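Take a look at the structure set out below.
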């Protein structure tokens, strides 16, 4: 996120923190209102844990696979997160359209002013079911558009292939201008580079756009993006990005004018000319994952995908392109490694984002007997890739509406993105405008990419690009940002043909509206297979890549990113007014020029510095004569260390940082030249080195794969910060979120046995205590999550639920991604969000005729597979709970009587054929069990996009408040008319299944709004563990017996239960006495 710079240096800034990475039902009360605590790391009052002794080290990790997360490699360096706007949405009520149906999206709060019925009576567009596919109608906001075509024609005559490493055959139409235009549209994915290559910086400068309001489908109430500023700031250091090339070749000679021909002249036959010329282009080779399809054009005869089209005189062109190797990444041990840009999981440790990796690609084309123009987009991978045929007829509308079916007020406009004509739609009150075309002869179960350029005069009337009737899942893209009105924007997504279909319908739509608006479409394309991602239009800044994740550093690593100012745009440094990076004596140097305004540059520290720590920050500095420069480091609670200098020759100055008896939060280093001084201050070679005991919520990036069993029964009287995180987020509507102070360790009994339980407290509407969180005392819950990530496996929680209506007790694996425009995955779905989640939630109703009839005999069993864009496409289970005799089981009554139950999620991700989970050879499933009895079951689909997750997730447990309105109640758990309630957790066990489809990838923002280690609950006296629980899994069973028998007649201490010095019959008797009954 981008933090607000302080106005003065004598105190730490108050920082707003919006939740960019929530597990469900995100909401936001106002675009410019702080929704999190000003300091999410800071305790509101002195904690019970301030004087807590060091936790006892009682736990042993049991290795059940080749990896052991208890043993970690050296930690990589510290990086920073800079989030971009509009990545997390607000989830407002729909009023009557399953308004409370979205559970567990940990997002910001929504105030009362954001709730209410949908405006207007507009229905959703036909072909997309408003309940099942609503999330895909209104995707996330796009930013800048992709490259334009500046030339229209295609070559008429023969061009021959030169020698080269990779031959890409591109097919060009000879006599049919409509295919020529369509071909031209196919290639409109890159910069327009006639006779030359234009490169652009690839370090993203994130735009700070204002919040974007809702689109036209008010009845759906799909989430709004957020305008967020947060506690953690810093630029994003991107990975090298794929590049593409466009070239123009003309008969007018090299360097003369703009090539082009009259594409509207049917049967155009150019005169032949003699001679040759060569065109050399230099630039970047695209870096595309090997998931991309191979070249679509071979050396044989062209196969027509549309047999009903008239025959055409096709000519072939072959183009030579140099390969781009995989980009290197630095492993955790510092050795050079190779990471496939398309791979889901990089090798050991954290991926490093390097600067722009430039490599020359030389493309040579021989022009032979032609006066035409060739536009070619070359997209290379290791194996090669090429442009595909546009399956749509007349996608550029240069032949009017030939091939299209039109409905409503539709016409041809003459202000096109490409060529001279575009489709112009003018919807009115009660009148939808639509243009549609069927695509036939498709492959059942095949994947296709749909794309178009769109433009609107009113962002509340977005152009809708959709697919229906024959797709496995109907999808539509319809959203325009505030500052994107009247701009041509690229839209694209992928769709799968249903298993019994060979055609689907592409439609372009302007939905009925009372607003005076014009929506336009141009360059509509449909390709077979996955296509290379587009790039920003020429002259536009490159799109943002995925953020770099800050993790726990190793001793000796830099705590700053770009400490030597090697990135010209500053990278993680926030360059202020008159701040530039120049080369001085061949060394990158920051220059701050004083004018009527102060010039400063700063970088936040996305880590916590532990108590009793000492660090030294050193900087090489100098000033112009009579200029005073300053370096200062600030933190929470008015922490400040500052040093000024006036030397005109280079000197090194140092700042000594000492944390004393507290954890230091919100650290920030600032370099400054105060206003109205006669010159500049200069800075270079900033050093701020880690000791190795700094703290970050995230240990590895991407998360480390593990097959180790996780078990915690809290019997040592602590909640271990090495294993658990405590959340301070807010989500779910009008509430105060979840507070670290509501996480407490208490003594309890489970089936007559003394235990230490984790109490997750919740405060209702009549709460009378003094705890305040996020500015609220009421509707404040509690939540924790595992620090590590786990994929397929058995998740078991022994618990008593919170027995009051209005609050939700939940257990859920959760992983959340907001892809950015610089990531290929952004273009695979109408919405860039990928939500991975499986829920147990109590209480609820059964929806339908049971709406509002809340009961603790009912539960929600939800699953989001993380393949759909947004949060749509989920499995929504609503089930009645029964006991072993088949009678309804009321969990509130059970909790009040002190009875614990075991809640289980069995998650099997299955396996696929290596095609990004599109075709499964072992179909995954999710099963929900209560005390071993099956409650609900979900099986994945054999192909396409399903609802069984495959990305590793943190496992959450919590009490929270669904408070966005539901059937006249506060939320879908009822009204919180109580003071205090709580869920109690006896133990948690995760047994990984380690299935082939499991993936370990980064979340977008995994570090936001977690409590610091000093905000954990006070420890209590431990209880004696069960002596015979040899493998520490919380029970005495066959696993322990196997260990004991294997150690028979040895002195193995773990199996010597009676302390006799030898494993024998006495130990066996002790084990059998403690045997855990099922």
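If we count other beta carbons within 10 Å of each Cβ, what is the order of 858, 675, 876, fewest first?
By the 10 Å Cβ count, ascending, the order reads 675, 876, 858.
At a Förster distance of 41 Å, what's the computed FRET efficiency of residue 1023 paired with residue 654, Cβ-Cβ distance as r, to 0.05?
E(calc), rounded to 0.05, equals 0.25.
Between residue 849 and residue 482, how high is the FRET efficiency from 1/(1 + (r/R0)^6) when r is the Cβ-Cβ distance and R₀ = 51 Å? Nearest 0.05.
For residue 849 and residue 482, the calculated efficiency is 0.80.
Please work out the ratio of the alpha-carbon Rg of the range 574-688 to 2.2 N^0.38 Å and round it to two decimals.
1.08
For a footprinting-style exposure proxy, rank 631, 467 by other Cβ within 10 Å, fewest first.
631, 467
Please report 998, 637, 765 as a ranked list, fewest other C-beta atoms within 10 angstrom at the top and most at the bottom.
637, 765, 998
Where does the range 710-1015 land on Rg(C-alpha)/(2.2 N^0.38 Å)?
Normalised Rg, Cα atoms only: 0.97.
So, R0 is 35 Å and r is the distance between the beta-carbons of residue 770 and residue 720; what FRET efficiency does that work out to, to 0.05?
Between residue 770 and residue 720 the formula returns 0.80.
Quick one: pull the percentage of alpha-carbon pairs in the range 440-593 with a separation above 21 Å.
64
Once both labels are modelled 7 Å past Cα along the beta-carbon direction, what's the residue 883-residue 1049 spacing in nm?
5.0
In the range 922-1078, what percentage of the DSSP-assigned beta bridges are antiparallel, given to the nearest 5?
Around 90 percent of the beta bridges assigned by DSSP in the range 922-1078 are antiparallel ones.
Residue 500 versus residue 661, label points 7 Å from Cα toward the beta carbon: distance in nm?
7.5
Readers should treat all values here as calculations from the given coordinates under stated rules, not as data from a laboratory. The structure presented is a predicted model; accordingly, all values stated were derived computationally and were not measured. Every residue, glycine among them, receives a Cβ derived from its backbone with ideal geometry; neighbour counts consider all protein chains shown.
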